[in-house]
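Peer 1: Here it is: the structure, laid out below.
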Amino acid sequence: MKLLFQKYKVLIVLALGITIVFFGFKYFSKKKPEKKITEENKNVFTVPEDVIRRHPLTYVGLKEVSQFEELALPGRITYDPESMAKVGSQVEARIKKVLVKEGDRVSQGSPLAILSSIQLGEVEAAYVKARASLDALKMQADRAKELFEMKVTSAKEYEFATMQYKTAKTEVETTRIKLDNYGLTPSEIEGIERGIYVSSNLILRSPINGEVTERKAILGQQVTRNEELFTIANLSHLWVLLDVYEKDLGGVREGAQATIYPLGDEHSSVQILGKVGYVGTVLDNVKRTAKLRIMVSNKGNKLKPGQTVTAKVAGLVVSTGGGKRKMIPVEAVHEIEGKSFVFVPHGEGSFEAVNVVVGDTIEDDVIILGGLPDGAEVVSKGSFVLKSEFMKF
């Protein structure tokens with residue numbers, strides 16, 4: 001009987017062992033796939049509800065647009081009006097001497113030509129005479145004031161002397177303004193006042209630093225008032241003018257980057273970058289185009305006023321008729337450890353950081369080359385908050 005009991009005891013222990021092994025195997029076999037799922041979703045994270053409430057999120061889908069390429073347009077190089085000057089005589093005169101030629105570099109105040117003007121000589125003589133008269137009348141006015149205060153002369157005599165002095169002073173000031181308008185420098189006018197500079201000669205001077213790009217002055221030439229004799233320009237900054245059709249204007253913005261290169265040679269090594277400074281608001285009634293002005297820095301003088309060039313401007317594009325491109329807003333893409341990520345919602349405050357391949361940026365959108373399936377939604381506005389939460393994991 002005792003032996004039979006021991007046999008049953010052994011059987012019970014074996015049964016318990018087999019049961020423990022069986023259920024243990026089932027338990028660990030179930031846990032293994034769960035571990036695998038966790039590894040596959042390591043980029044999935046949860047954001048607290050209060051964070052989402054404080055920072056509302058906007059969801060956007062992939063936007064498909066047609067394939068485009070930048071539109072190349074012919075343009076013309078012209079002066080920047082803020083960096084150029086037209087120089088001419090302010091009085092009728094004859095050119096006695098020309099001091100510069102085209103291509104010469106000049107500084108502000110540099111003499112360009114010497115002119116002889118009878119009219120200027122007359123104004124100079126009138127200024128000298130007016131100055132002398134002013135000095136005499138000032139003495140008379142001062143003397144009349146003293147006598148009036150001593151009750152030697154009448155108020156009428158004192159007022160008459162004072163009026164004569166004020167009239168002479170006005171004449172001197174008016175004549176000086178004429179000399180200044182004719183182009184005489186303050187030192188030259190002071191010389192006339194001291195009686196050491198009385199001449200009918202007029203020196204034309206450059207009003208800016210730059211280069212003589214045009215000379216019309218000829219020795220012995222008789223010139224009229226405001227006749228243009230020289231063009232001085234600072235060629236370090238120029239404009240490129242383009243005619244843009246009405247239908248293409250919508251994609252251009254001030255500040256957009258532009259590339260300038262020789263006419264028709266897009267692959268030339270001579271390429272200059274510029275920026276759109278102005279988008280015309282008035283259309284040509286016939287051509288239905290508006291002016292587009294590009295500002296360029298002309299280091300090395302590679303560009304010449306009057307030159308025809310080709311320009312490509314960001315936003316000026318034309319459809320190629322090819323396939324579609326997928327795009328999302330730039331603010332939806334974030335760089336993390338050298339890779340580009342977007343955040344895809346999984347519901348109930350859960351999000352996944354998805355690695356994507358990006359292409360060019362066009363205005364406020366970026367091209368997605370891979371990583372997102374069709375129909376996927378990503379977080380746009382507020383995605384910077386998700387980036388902060390993701391970096392905590």
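Peer 1: Restricting attention to region 337-393, report how many residues are among the small types (Gly, Ala, Ser) and over 32 Å from the mean Cα position of the chain (by Cα). Steps first, please.
Peer 2: So the first thing to find is which residues in region 337-393 are among the small types (Gly, Ala, Ser), and the list is 338, 340, 347, 349-350, 353, 359, 370-371, 375-376, 380, 382-383, 388.
Imposing the further condition that a residue be over 32 Å from the mean Cα position of the chain (by Cα) reduces the set to 347, 349-350, 353, 370-371, 375-376, 388.
Number satisfying all stated conditions: 9.
Peer 1: To continue, here is another question. Under 9 Å between Cβ atoms, at least 6 apart or on separate chains: pull out the pairs that start in region 284-298 with a residue that is in the same structural domain as Val252 (by TED's automatic domain parsing) and surrounded by 15 or more Cβ atoms within 10 Å (Cβ to Cβ) and end on any residue that is part of a strand (DSSP E or B) and among the acidic types (Asp, Glu).
Peer 2: If the second residue must be part of a strand (DSSP E or B) and among the acidic types (Asp, Glu), the pairs left are Thr289/Asp243; Ala290/Asp243; Lys291/Asp243; Leu292/Asp243.
Peer 1: Would you tally the residues in region 69-108 being part of a loop (DSSP other than H, G, I, E, B), closer than 21 Å to Lys178 by Cβ and either among the β-branched types (Val, Ile, Thr) or under 23 Å from the mean Cα position of the chain (by Cα) (or both)?
Peer 2: Keep residues of region 69-108 that are part of a loop (DSSP other than H, G, I, E, B), which gives 80, 89-92, 99-104, 107-108.
Among the residues that remain, those that are also closer than 21 Å to Lys178 by Cβ are: 89-92.
Add one more test, that the residue is either among the β-branched types (Val, Ile, Thr) or under 23 Å from the mean Cα position of the chain (by Cα) (or both), and what stays is 91.
Result for region 69-108: 1.
Peer 1: Go through region 87-114 and give me each residue that's of a type in the set (Ser, Thr, Tyr) and exposed (fewer than 14 other Cβ atoms within 10 Å of the Cβ). Show your work before the answer.
Peer 2: Restricting attention to region 87-114, the residues satisfying the condition of being of a type in the set (Ser, Thr, Tyr) are 89, 107, 110.
Once the filter is applied, which keeps residues that are of a type in the set (Ser, Thr, Tyr) and exposed (fewer than 14 other Cβ atoms within 10 Å of the Cβ), region 87-114 yields only Ser107.
Peer 1: Now for a separate question. Which of the residues belonging to region 145-157 are modelled with pLDDT of 85 or more and surrounded by 13 or more Cβ atoms within 10 Å (Cβ to Cβ)?
Peer 2: Passing the criteria: Lys145, Leu147, Glu157.
Peer 1: Given (1) at negative phi; (2) in contact (Cβ under 8 Å) with a residue 24 or more places away in the chain, where does Phe148 come up short, assuming only one miss?
Peer 2: Failed condition: (2).
Peer 1: Here's another thing I want to ask about it. Restricted to region 39-56, and to residues that are closer than 17 Å to Val344 by Cβ and not in a loop (DSSP other than H, G, I, E, B), which residue is modelled with the lowest pLDDT?
Peer 2: Glu40
Peer 1: Another question about this same structure. So, Val123, is that one of a type in the set (Val, Ile, Thr), surrounded by fewer than 17 Cβ atoms within 10 Å (Cβ to Cβ) and either more than 30 Å from Pro305 (Cα to Cα) or modelled with pLDDT of 85 or more (or both) or not? Explain how you work it out, then say what you get.
Peer 2: Values: of a type in the set (Val, Ile, Thr): yes; surrounded by fewer than 17 Cβ atoms within 10 Å (Cβ to Cβ): no; either more than 30 Å from Pro305 (Cα to Cα) or modelled with pLDDT of 85 or more (or both): yes.
So Val123 does not fit the description; no.
Peer 1: For Ala141, state whether it is surrounded by 15 or more Cβ atoms within 10 Å (Cβ to Cβ), free of Cβ contacts under 8 Å to residues at least 60 places away in the same chain and part of a helix (DSSP H, G or I). Talk me through it step by step, then tell me what you get.
Peer 2: Working: surrounded by 15 or more Cβ atoms within 10 Å (Cβ to Cβ): yes; free of Cβ contacts under 8 Å to residues at least 60 places away in the same chain: yes; part of a helix (DSSP H, G or I): yes.
Considered against the rule, which asks whether it is surrounded by 15 or more Cβ atoms within 10 Å (Cβ to Cβ), free of Cβ contacts under 8 Å to residues at least 60 places away in the same chain and part of a helix (DSSP H, G or I), Ala141 comes out as yes.
Peer 1: Then there's this: Are there any pairs with C-beta distances below 6 angstrom linking a residue in region 326-338 that is assigned by TED's automatic domain parsing to the domain that holds Lys63 and surrounded by 12 or more Cβ atoms within 10 Å (Cβ to Cβ) to a residue that is part of a loop (DSSP other than H, G, I, E, B) and modelled with pLDDT of 90 or more, with the two at least 6 apart or on different chains, and if so which?
Peer 2: As it stands, the answer is Pro329/Ser380; Glu331/Ser380; Ala332/Ser380, since those pairs meet every condition given.
The values are calculated or read from the model by the stated rules, or taken from the named source; none is laboratory data. Please read these numbers as outputs of a predicted model, since none were measured by experiment. Cβ atoms come from the backbone with ideal geometry, glycine included; neighbour counts cover every protein chain shown.
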